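To start, the structure itself, in structure tokens.
The values are calculated or read from the model by the stated rules, or taken from the named source; none is laboratory data. In this text the structure is predicted, and so the values were computed from the model without any measurement. Cβ placement follows ideal geometry from the backbone for every residue including glycine, while neighbour counts extend to all protein chains displayed. Areas reflect the complete protein model, heavy atoms only, side chains present, ligands, DNA and RNA absent. Shrake-Rupley method; radii C 1.70, N 1.55, O 1.52, S 1.80 Å.
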Amino acid sequence: MFTGIHDEVRPQLEELTIDRDRPLIITDADEVLFNFMIGLEDFLKSLDLYFDWSSFALTGNIRRIADKEPIDQTEVGVLLSDFFDQRCAVLPAVDGAAEGLASLQDHAQIVVLSNVPPKYAAKRLLGLKDKGMDFPLIANVGSKGQVVRFLTEGLNAPAYFIDDIPHNHSSVNEHAAHVHRLHYIADPRLSDLLGPAEHSHSRLYNWPEISAHIIRHIETGEY
């Protein structure tokens, strides 16, 4: 039934308890709860690299300071693995994220759905707890639509999905169209590179907007 869920993700989902009568918020982590790009730029600088900001993509935009040449895709993969290993637990929190989730906790249950590699899930949890966002984590692999469908199966209350990546909104739209999709990119430089995700319902620009939007819908049914 849920054939698109990675083998490393399914056990995490089966261990999670969801109250089917309570609203559910499913939020991404990087560039939603954590300042991924600020942390990445600091990491790149330590390796004599920099981010070009020509587009949203990592491959092609991570370049050597010495010759301005981009590192190749294989190098990007290794670099990201090292980055998560060394920095995942200490990334700075997005302004207002902890406070926003705290305000939403009285209205809904919250799950963090992050494409952090599962082997670094414990470090991501440490970072969440350290920044006052101690919520259940699903360390996902691949697209998010089937996972969101699994989490919301049989839910008798509204569900909300918050993510910065447009194709994640498209995936949720395909597999769990009943979920209200909020597009948010914390870093203003990344935000300026992208318009609203095609398959999101709303593009929002800060955590006070996000929490007010969700609370208003839970209480009134209006967006």
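Note on the range 86-107: residues that are among the hydrophobic types (A, V, I, L, M, F, W, C), part of a loop (DSSP other than H, G, I, E, B) and farther than 14 Å from ASN35 by Cβ total 0.
Just checking, does the range 145-156 include any residue being closer than 26 Å to GLY195 by Cβ, of a type in the set (A, V, I, L, M, F, W, C) and in contact (Cβ under 8 Å) with a residue 12 or more places away in the chain? Scanning the range 145-156 turns up at least one residue that is closer than 26 Å to GLY195 by Cβ, of a type in the set (A, V, I, L, M, F, W, C) and in contact (Cβ under 8 Å) with a residue 12 or more places away in the chain. As a summary of the residue check, SER170 satisfies the conditions (1) touching a strand residue (DSSP E or B) at 6+ places or on another chain (Cβ under 7 Å); (2) more than 16 Å from LEU24 (Cα to Cα) except for the one numbered (1).
Taking (1) hydrophobic (A, V, I, L, M, F, W, C); (2) in contact with a Leu (Cβ under 9 Å, 6 or more places away or on another chain); (3) without any contact (Cβ under 8 Å) to a residue 40 or more places away in the chain in turn, ALA177 satisfies each apart from (2). Kindly indicate whether any position in the range 36-55 is touching a Ser or Thr at 6+ places or on another chain (Cβ under 9 Å), touching a residue at least 12 places away in the same chain (Cβ under 8 Å) and open to solvent by less than 70 Å² (accessible area, probe 1.4 Å). Scanning the range 36-55, I find no residue that is touching a Ser or Thr at 6+ places or on another chain (Cβ under 9 Å), touching a residue at least 12 places away in the same chain (Cβ under 8 Å) and open to solvent by less than 70 Å² (accessible area, probe 1.4 Å), so the answer is no. For ALA102, indicate whether it is under 22 Å from LEU16 (Cα atoms) and without any contact (Cβ under 8 Å) to a residue 60 or more places away in the chain. Taking the combined requirement at face value, the residue satisfies it. One residue alone among VAL141, VAL116, VAL94, VAL112 is in contact (Cβ under 8 Å) with a residue 12 or more places away in the chain, touching a Cys at 6+ places or on another chain (Cβ under 7 Å) and β-branched (Val, Ile, Thr), and that residue is VAL116.
Would you be able to say whether some residue in the range 10-25 is open to solvent by 60 Å² or more (accessible area, probe 1.4 Å) and among the aliphatic types (A, V, I, L, M)? Looking through the range 10-25, none of the residues is open to solvent by 60 Å² or more (accessible area, probe 1.4 Å) and among the aliphatic types (A, V, I, L, M). Scanning the range 58-107 for residues being open to solvent by 50 Å² or more (accessible area, probe 1.4 Å) and on the phi > 0 side of the Ramachandran plot gives a total of 1.
Here are some residues: ALA186, ALA212, ALA176. Which one is open to solvent by less than 70 Å² (accessible area, probe 1.4 Å), at pLDDT 95 or above and closer than 15 Å to VAL32 by Cβ?
Working: ALA212 fails: closer than 15 Å to VAL32 by Cβ; ALA176 fails: closer than 15 Å to VAL32 by Cβ.
That would be ALA186, the only listed residue that is open to solvent by less than 70 Å² (accessible area, probe 1.4 Å), at pLDDT 95 or above and closer than 15 Å to VAL32 by Cβ.
Within the range 108-123, work out how many residues are closer than 14 Å to THR27 by Cβ and either in a strand (DSSP E or B) or open to solvent by 30 Å² or more (accessible area, probe 1.4 Å) (or both). Spell out the reasoning first.
First, the residues of the range 108-123 that are closer than 14 Å to THR27 by Cβ: 108-116.
Next, only the ones that are either in a strand (DSSP E or B) or open to solvent by 30 Å² or more (accessible area, probe 1.4 Å) (or both) stay: 109-115.
Total meeting the criteria: 7.
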